[in-house]
1. Residues in the stretch 2-25 near a label at residue 48, defined as backbone nitrogen under 17 Å from the 7 Å Cα→Cβ point?
2. Contour minus end-to-end for residue 56 and residue 23, with contour as 0.36 nm per residue of separation and end-to-end as the Cα-Cα distance?
């Protein structure tokens with residue numbers, strides 16, 4: 001399913017508002033530019049996406065386990 005407008009979302013970790021472009025036709029969501037080291041959403045803890053800040057922190061934490069960085 002695709003659409004022409006971004007989805008307005010609320011981060012389940014911090015409550016911040018943000019936009020998701022994952023289903024917008026011919027667009028790439030900001031999260032797709034991060035290293036693919038986590039399932040998005042992480043079904044073990046969250047049922048939906050995280051904001052850019054929270055997702056970047058989780059990705060960086062995961063990468064730090066292997067001495068890498070964003």
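Read-outs throughout are calculated quantities, based only on the coordinates presented, and are distinct from any laboratory measurement. Here the structure is a predicted model, which is why all the values come from computation and not from measurement. Note that each Cβ is placed from the backbone with ideal geometry, even for glycine, and that neighbours are counted across all protein chains shown.
1. Counting backbone N atoms under 17 Å from the label point, the list is 3, 5-24.
2. Gain on stretching residue 56 to residue 23: 9.9 nm.
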